[in-house]
Structure formats: structure tokens, C-alpha cells
Amino acid sequence: MRDKPVDKPMGKPVDEPADKTGGARVDFQKEMEKLGRLYRVYDRATAAFPVACKEKCDDCCTCNVVVTSLETAWLLSRLSKDEITGLRERLEAGVPEKRYQPGYTTNGFALACIEGRTLEDEENDPAWGKCPLLEDGRCTVYHARPFGCRNMMSEAACADAGYARMPELALTLNNIFLQYIEHMDYQGMSGNLTDMLVLYLKHAVPYGTPGQKSHAFPLSLENLKDSDKTGIFIRNMKIPALMIPPEHRADAAPVLDEINALGQG
Ligand code: SF4
Ligand code: SF4
């Protein structure tokens with residue numbers, strides 16, 4: 001089955017997001033530049049892990065990827081107008097009807113742990129379908145893909161094992177980066193990649209002249225139009241505490257130093 005198509009005409013952009021207190025939103029242009037640098041820190045930190053990942057290995061490319069609003073803006077800002085048109089057509093052609101729509105963020109999970117609250121397990125099944133951005137086993141936005149895709153790795157081919165076998169330290173590092181990326185966008189929101197792209201293509205990808213890069217900007221729940229407040233996006237939050245097991249603290253320390261050198265959001 002197919003989902004609702006993306007609105008064809010470019011909708012009027014919503015207002016530039018502001019923080020709930022009425023203050024100015026963080027400088028998202030700076031945050032977007034910082035996000036690019038953060039991805040490079042991650043690439044360096046994980047380059048030595050022995051993984052079986054290779055070209056056209058796409059079992060991890062499901063419709064269940066989660067992104068923040070900042071990452072979505074970053075992704076779209078890296079695409080040319082033709083690439084945006086291709087993305088729009090791809091989403092209009094149909095997306096899996098069922099997809100993972102998270103009920104809490106990584107920092108929300110960390111806070112629940114601190115407060116001793118148990119969160120309900122959420123259903124998340126790769127069988128629900130492939131990512132609509134995949135074509136012939138290749139990602140059509142590979143250079144701009146979000147962190148939820150960058151952090152996938154496995155010591156054995158997922159197709160053989162039936163699941164990703166991620167090194168324990170990689171899991172810890174992934175959590176740190178997920179927490180930090182959400183923290184950078186604490187005035188924004190998180191949601192399923194497909195839902196977020198549909199929303200952005202409707203409201204937040206204005207163009208100048210043909211050939212120009214887009215000027216996507218992060219959205220917040222407060223700035224969504226009423227028709228878009230469908231309960232499928234969740235508010236981001238700052239890091240309540242980093243989730244680092246004691247046995248990984250020494251290995252994580254230099255990575256944290258690199259992250260902190262990027263500047264706190
Ligand atoms: S995580 Fe699994 S499916 Fe994805 S590229 Fe690596 S081995 Fe392939
Ligand atoms: S955005 Fe690209 S890398 Fe990520 S799941 Fe989709 S096709 Fe795969």
C-alpha cells in the first residue's frame with residue numbers, strides 16, 4: 001500500500017523556529033556546520049572497527065530510520081534542486097505505510113533511566129519495508145544521509161546473520177553521538193525520516209533560482225502548522241546524562257574531547 005503523496009506545490013514556509021520561551025532559536029546555520037564536523041569526528045572514531053559492510057549492502061536501509069529536524073535540514077541543504085526534485089518524486093511514488101515512529105528520543109530514554117521509569121518496548125520491524133530513498137541497492141542521498149544511517153555497521157553481513165552484529169564499543173559511541181545530535185537540536189524535534197522529509201518538502205525547502213542549493217531550516221513542534229501536528233513528531237531535549245558503561249569510559253574519553261572541542265550547543 002502507498003502512503004499519502006507529498007504535496008506537489010511548494011507550501012508557504014512556516015516561520016523560522018523560535019524557542020518556546022520566545023527567545024531566538026539557536027543559530028541553526030552554525031549548528032548545521034557543526035553537524036557536518038560531528039559526522040567527520042564519528043567517521044574517524046569508528047574507522048578502525050572491522051566491519052562486513054560493503055557497497056550495495058542494503059539490508060539496514062529500512063523505512064524505520066529516525067532523524068532530528070536539524071539533520072533533515074542538513075540533508076536537504078546538501079542536495080541540488082534536481083536532487084530535491086528526485087527526492088520529491090521518489091516519496092510521491094509511494095512509501096511503506098507502516099514505519100517506525102518513535103515515542104521517545106535517545107535523551108528521553110536516558111532521562112527515563114535516570115528517573116527509574118520503564119518505557120514500553122516499541123514495535124520496529126525491518127519487514128515493514130525498504131527506505132524510499134534506496135534505488136538499486138544504493139542510497140540516493142548517500143553523501144547527505146543522516147546519522148541513523150551513518151551509524152549502521154556489522155561485524156558479519158546482516159543478510160547472513162539476520163541482524164547487525166555491532167561491536168559493543170560502537171553501540172556506546174553511537175549513543176553518545178545520538179545524544180549529542182539531539183542536544184544540538186534541543187529546540188527541534190525527532191521523527192521518522194520519511195515523515196520528516198515529507199514535512200520539510202511541504203514547508204521548509206525554499207529556493208532561490210534554479211541550480212541553487214536549498215535553504216532548509218530546522219523545524220520545531222511549536223512552528224508546525226496545525227494540519228501537521230499529527231502526533232508523529234516528538235520534542236528533542238538536552239542531554240540529561242551520557243549513557244557510557246564504565247568499561248567504555250577510557251575509550252570514549254578522547255572522542256568526547258573531540259566532540260566538546262566542536263563547542264556546546
Ligand atoms: S549494517 Fe549490515 S546491511 Fe548495513 S551495510 Fe553493514 S553489513 Fe550491510
Ligand atoms: S537514507 Fe540512504 S542510507 Fe539511509 S536508509 Fe535510506 S537509503 Fe539507506
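The values are calculated or read from the model by the stated rules, or taken from the named source; none is laboratory data. Here the structure is a predicted model, which is why all the values come from computation and not from measurement. Cβ placement follows ideal geometry from the backbone for every residue including glycine, while neighbour counts extend to all protein chains displayed.
Applying the criterion of being under 17 Å from ARG99 (Cα atoms) and polar (S, T, N, Q) to the residues of region 41-71, the residue that is surrounded by the most Cβ atoms within 10 Å (Cβ to Cβ) is THR68.
With the structure loaded, tell me whether LYS81 is within 11 Å of ligand 2 (Cβ to nearest atom), in contact (Cβ under 8 Å) with a residue 24 or more places away in the chain and either of a type outside the set (Gly, Ala, Ser) or under 19 Å from ILE181 (Cα atoms) (or both) or whether it fails that test. When the stated conditions are applied, LYS81 does not pass them. Only residues that are hydrophobic (A, V, I, L, M, F, W, C) and in contact with an Asp or Glu (Cβ under 6 Å, 6 or more places away or on another chain) were counted in region 78-123, giving 1.
Scanning region 164-193 for residues that are crowded, with 24+ Cβ neighbours inside 10 Å and of a type in the set (Ser, Thr, Tyr) turns up TYR180, SER190.
The criterion of being out of contact with any strand residue (DSSP E or B) (no Cβ under 9 Å at 6 or more places or on another chain), of a type in the set (D, E, K, R) and at pLDDT below 95 does not hold for LYS238.
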